[in-house]
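Student: Pasting in a structure now, in structure tokens, and then I'll have a few things to ask.
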Amino acid sequence: MLAKPRPLDRIVDVDDGAAAKAAGLDALYGHLKPLEIIERSARELFHDEIAAVSSFGADSAVLLHMIAEIDRTLPVIFLDTGKHFEETLGYRDALVADFGLTNIRVIKPEEAALERIDPTGNLHQSNTDACCDVRKVEPLARGVAPFRAWFTGRKRFQASTRAGLPVFEAVGPRIRINPLAHWTTSDQADYMRAHALRENPLVAYGYLSIGCFPCTQPVQPGEDARSGRWAGHAKTECGIHLSGLEVSLTDASL
């Protein structure tokens, strides 16, 4: 049986207290440099109660390098959807070694849920939302459940849907932090060069935003970095960055 379509409250559900806190933090610290945001968040605001979420995709090296500069033991959550490119898994292992990260937490979909919802492994062909729900949204909800906050590497330039991205935002009662929100493509490239960071090998083939291999294509000239994700579909986000993520912790359809 397929998972039910995502209702509107999956998108707009935000805890009022957390929303006010996120707005306050954004006003106080959103203007700081990314490394300062990471350091203040990890050492003061959410000490021992914060993680990072990384896809180890096209833009992941910068955030992970900064985190390693502050605390190599900070938990880094990686969603192993079972549909990753082999290059992504190899890149993950290479960056972990490069940066000396010591607390990688690999979260996988629940086997029982996959057997019920996607027994053939072909759900992405008929229902991309349901596939992302079972392989990404529910696993991430489990991954972040022990924490009060987490970092992402999202940036405003990546897509029109992220143009107004704040540095601090609420997800249910938790806070999601986007230290690189204000960065440009030039900022990203300059940092990669300055620190001689390893690039995901798929970038050389035009993959500028990298998800699961069945639903990711190279980006065409002139298109935004995320245009290769779910090409041909109206879908622009997998769901893990929508503010209703918290609901999936108790979503009976998963």
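Student: Failed condition for residue 153, given (1) closer than 20 Å to residue 40 by Cα; (2) open to solvent by less than 40 Å² (accessible area, probe 1.4 Å); (3) in a helix (DSSP H, G or I), with all others met?
Tutor: Only one criterion in (1) closer than 20 Å to residue 40 by Cα; (2) open to solvent by less than 40 Å² (accessible area, probe 1.4 Å); (3) in a helix (DSSP H, G or I) is unmet by residue 153, namely (3).
Student: So residue 44 ticks every box in (1) in a helix (DSSP H, G or I); (2) farther than 29 Å from residue 203 by Cα; (3) without any contact (Cβ under 8 Å) to a residue 12 or more places away in the chain; (4) under 21 Å from the mean Cα position of the chain (by Cα) but one. Which box is left unticked?
Tutor: For residue 44, the failing item is (4).
Student: Further question: Only residues in the range 82-93 that are touching a residue at least 12 places away in the same chain (Cβ under 8 Å) count as the first member; pair them with residues that are assigned to a helix (DSSP H, G or I) and among the aromatic types (Phe, Trp, Tyr), Cβ under 9 angstrom, at least 6 apart or cross-chain, and list the lot.
Tutor: Pairs that qualify, where the first residue is touching a residue at least 12 places away in the same chain (Cβ under 8 Å) and the partner is assigned to a helix (DSSP H, G or I) and among the aromatic types (Phe, Trp, Tyr), are 83/213; 84/213; 85/91; 85/213; 88/213.
Student: State all residues of the range 163-175 that are surrounded by 18 or more Cβ atoms within 10 Å (Cβ to Cβ) and without any contact (Cβ under 8 Å) to a residue 60 or more places away in the chain; if no residue qualifies, say none.
Tutor: Step one: of the range 163-175, the residues surrounded by 18 or more Cβ atoms within 10 Å (Cβ to Cβ) are 165-172, 174-175.
Across the range 163-175, the qualifying residue is only 165.
Student: How about the range 65-77: which of its residues are buried (at least 22 other Cβ atoms within 10 Å of the Cβ) and without any contact (Cβ under 8 Å) to a residue 60 or more places away in the chain?
Tutor: Selection gives 76 alone.
Student: Also, quick follow-up: Could you say whether any residue in the range 119-126 is closer than 30 Å to residue 19 by Cβ and either basic (Lys, Arg) or in a loop (DSSP other than H, G, I, E, B) (or both)? If you could, list the steps in order and put the result at the bottom.
Tutor: Of the residues in the range 119-126, the ones closer than 30 Å to residue 19 by Cβ are none.
Within the range 119-126 (the criterion being closer than 30 Å to residue 19 by Cβ and either basic (Lys, Arg) or in a loop (DSSP other than H, G, I, E, B) (or both)), the answer is no, since none of the residues qualifies.
Student: Determine if the range 48-55 includes at least one residue that is crowded, with 17+ Cβ neighbours inside 10 Å, under 18 Å from the mean Cα position of the chain (by Cα) and at pLDDT below 95. Spell out how you get there, then give the answer.
Tutor: First pass over the range 48-55, keeping only residues crowded, with 17+ Cβ neighbours inside 10 Å: 50-55.
Checking which are under 18 Å from the mean Cα position of the chain (by Cα) leaves us with 50-55.
This time we only want the ones that are at pLDDT below 95, so: 55.
Scanning the range 48-55, I find at least one residue that is crowded, with 17+ Cβ neighbours inside 10 Å, under 18 Å from the mean Cα position of the chain (by Cα) and at pLDDT below 95, so the answer is yes.
Student: Within the range 78-89, can you find the residues that are out of contact with any Leu (no Cβ under 7 Å at 6 or more places or on another chain) and under 17 Å from residue 150 (Cα atoms)? Talk me through it step by step, then tell me what you get.
Tutor: At the first step, the residues of the range 78-89 found to be out of contact with any Leu (no Cβ under 7 Å at 6 or more places or on another chain) are 78, 80-84, 86, 88-89.
Selection gives 78 alone.
Student: Okay, moving on. State the number of residues belonging to the range 191-205 that are surrounded by 16 or more Cβ atoms within 10 Å (Cβ to Cβ) and not in a helix (DSSP H, G or I). Before you say what the answer is, go through the steps one by one.
Tutor: Here is the first cut: in the range 191-205, the residues surrounded by 16 or more Cβ atoms within 10 Å (Cβ to Cβ) are 191-192, 197, 200, 202-203.
Still in the running and not in a helix (DSSP H, G or I): 197, 200.
Selection size over the range 191-205: 2.
Student: Determine whether the range 221-239 contains at least one residue that is modelled with pLDDT of 85 or more and among the polar types (S, T, N, Q).
Tutor: Pass one, the range 221-239, residues modelled with pLDDT of 85 or more: none.
Within the range 221-239, none of the residues are modelled with pLDDT of 85 or more and among the polar types (S, T, N, Q).
Student: Next up: Condition first: open to solvent by less than 70 Å² (accessible area, probe 1.4 Å), within 18 Å of the chain's Cα centre (by Cα) and under 19 Å from residue 61 (Cα atoms). Now tell me which residues in the range 206-221 satisfy that.
Tutor: The answer is 207, 209, 210, 211, 212.
Student: Hey, among 45, 8, 32, which residue is at pLDDT 95 or above and either loosely packed, with under 13 Cβ neighbours inside 10 Å or farther than 29 Å from residue 106 by Cβ (or both)? Don't jump to the end; show me each part of the working.
Tutor: Details: 45 fails: either loosely packed, with under 13 Cβ neighbours inside 10 Å or farther than 29 Å from residue 106 by Cβ (or both); 8 fails: at pLDDT 95 or above.
From the options 45, 8, 32, the qualifying one is 32.
The values are calculated or read from the model by the stated rules, or taken from the named source; none is laboratory data. Keep in mind it's a predicted model, so treat the numbers as computed, not measured. Heads up, the Cβs are rebuilt from the backbone with ideal geometry, glycines too, and the neighbour counts pull from every protein chain shown. To get the accessible areas, we keep the full protein, side chains included, count just its heavy atoms, and leave off ligands, DNA and RNA. Shrake-Rupley method; radii C 1.70, N 1.55, O 1.52, S 1.80 Å.
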